[in-house]
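One structure is given below, encoded as structure tokens.
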Amino acid sequence: MNQQPTIAIIGAGIFVKTQYIPRLSEISDLVSVKYIWSRSQESAEEAVGAAQKYFPQVEAKWGESGLDDIILDTSVLGVAVVLAGQTQVDISLKLLKAGKHVLQEKPAAVSVREAETALSCYNSICAKVPGQPIWAVAENYRFEPAFVESKKLMAGLGDLMSIQVIVEGSMNSSNPYFSSTWRRNFNGGFVLDMGVHFIAGLRMLVGSEVDTVSATTSHVDRSLPPPDVISSLFQLENGCSGVFVMVVSSKSPKIVWRLVGLNGTLQVERGNQEGKHGYLVSLSTVDGQTKNSFYPFSGVTEELKAFIHDITHATLQKDSRYEAEPRSSFLEGARDIAVLEAMLESGMKQGIPVKVQRV
């Protein structure tokens, strides 16, 4: 394919304006954005105004007729779906049925039940639609260089003995997502919406699925939807156990994954260095040495590049099955949901052990 693939963006909210448009602008040599859609004309045109500097040809679309225009435009290969969590799956499936490749924002679904139903629908679509459209979930943590490099270091730790995931978030009134209506009406609230990132990081590092969990939940900060605190024990299928503790809003934010093995300890911690936000990766080995490396954030850009690469090559191989980037698969996103759903269920049942559903 000689020309850039053409995509559309469904959604014109905060994340589109602060992440999608700026990050796509960084790779405008790889992709062309033709449309930005929203329910309202005003919202769509506002987002287009921000994007035109980088994509002069971009057009605003809105309402049902605008969505139909995008679906019927055969020049649009892929669509980024960046909507409220409760509506994303239905829109994604509609686009997939029309043969569009889809990059859907996390969370993959509102529940394991919705995810399983969606996967069944998707498999039916793939059996009927030529070229088998790609359904990717935009979980940028799986593309952050810090996690990619840390996963390579895991083998050096030897047998795992303990895992800690500590999340002290900053979801307060100064956060642009604090007043997000759909997140407040979401089953699991911010714990589920934010938590999928941290579970994705955990699952990527350990390379083993979470088998069972036992959690307690509470509602302390009344400005947030319940629950806003979760403390969970978990056990991996490989037998290693760990703790996952998440506070949605803290006065001193901290996010860290710490993995202790027989031969060393690996820690991945959110931070900043020389004015850049990212992750500090620390590897301590049996000889007493500690190696530190800092990786600035670039996961959103990397996941977009992976999607663009996939839709370009899937189009070239439309007569044969194309194997898309596994880190972006809807299945991976669904498995993140399954872990948090089990923790929330255990919390509602006063901490009784709950087995994570297999998706």
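Here are some notes:
- Among the GluC sites (Glu not before Pro) in the stretch 160-239, those located in a DSSP loop and surrounded by at most 15 other Cβ atoms within 10 Å of their own Cβ are E209, E237.
- Whole-number D in µm²/s for the stretch 77-119 (Stokes-Einstein; Kirkwood sum over Cα pairs; 20 °C, 1.002 mPa s): 207
- Every helix of 4 or more DSSP H residues in the chain counts as -39500 (n - 2.57), and over all residues that averages to -10500 deg cm²/dmol at 222 nm.
- Taking the centroid of alpha carbons for each part, the stretch 310-345 and the stretch 79-108 are 12 Å apart.
- List K17, K291, ordered by accessible area with a 1.4 Å probe, largest first: K291, K17
- Rounded if a/c under 1.5, otherwise prolate or oblate - the stretch 1-147, Cα gyration tensor axes: rounded
- Where trypsin sites (Lys or Arg not before Pro) fall in DSSP loop in the stretch 26-59, at most 14 other Cβ within 10 Å: K53
- Whole-Hz Karplus values for the stretch 16-32 come out as 5, 6, 9, 10, 4, 5, x, 6, 5, 5, 5, 10, 5, 6, 9, 8, 10 Hz, taken residue by residue from phi with 6.51 cos²θ - 1.76 cosθ + 1.60 and θ = phi - 60°; glycine and proline positions read x.
- R0 of 51 Å, Cβ-Cβ distance N292-N123: FRET efficiency to nearest 0.05: 0.70
- Each residue of the stretch 99-108 was assigned a 3J(HN,Hα) from its phi angle through the Karplus curve 6.51 cos²θ - 1.76 cosθ + 1.60 (θ = phi - 60°); the sequence is x, 7, 6, 10, 10, 9, 5, 6, x, 4 Hz, with glycine and proline shown as x.
- Solvent-accessible area of the chain (1.4 angstrom probe, protein heavy atoms only): carbon and sulfur portion equals 51 percent.
- Most mobile of P296, P176, P133 in a GNM of the chain (Cα contacts under 10 Å): P176
- Rolling a 1.4 Å probe over the protein heavy atoms leaves C126 with an accessible area of roughly 20 Å².
- Beta bridges by DSSP in the chain, antiparallel share as percent, to the nearest 5: 65
- Accessible area in the full protein assembly, largest first, 1.4 Å probe, for T181, T301, T74: T74, T181, T301
- Cross-link reach list, aspartates and glutamates versus K61, counting only Cα pairs under 20 Å and skipping chain neighbours closer than eight places: E42, E45, E46, D69, D73, D90, E105
- Given K151/K305; K17/K254; K17/K106; K254/K349; K151/K291; K151/K251, the pairs whose alpha carbons are separated by over 22 Å: K17/K254; K254/K349; K151/K251
- Base-10 log of normalised Debye intensity for the stretch 175-304 (one unit scatterer per alpha-carbon) at q = 0.16 Å⁻¹: -1.01
- Fluctuation leader among D221, D193, D73 - the chain, Gaussian network, Cα springs under 10 angstrom: D73
- Gap separating the Cα centres of the stretch 207-246 and the stretch 1-54, nearest whole Å: 36
- Pairs of alpha carbons in the stretch 110-226 whose separation is greater than 22 Å (percent): 53
- Near A136, the amide H atoms lying under 5 Å from its own belong to V102, L103, Q104; only residues 5 or more places off or on other chains count, and H is placed 1.01 Å from N.
The values are calculated or read from the model by the stated rules, or taken from the named source; none is laboratory data. Since the model is a prediction, treat every value here as computed from it, not as a measurement. Every residue, glycine among them, receives a Cβ derived from its backbone with ideal geometry; neighbour counts consider all protein chains shown. To get the accessible areas, we keep the full protein, side chains included, count just its heavy atoms, and leave off ligands, DNA and RNA. Shrake-Rupley method; radii C 1.70, N 1.55, O 1.52, S 1.80 Å.
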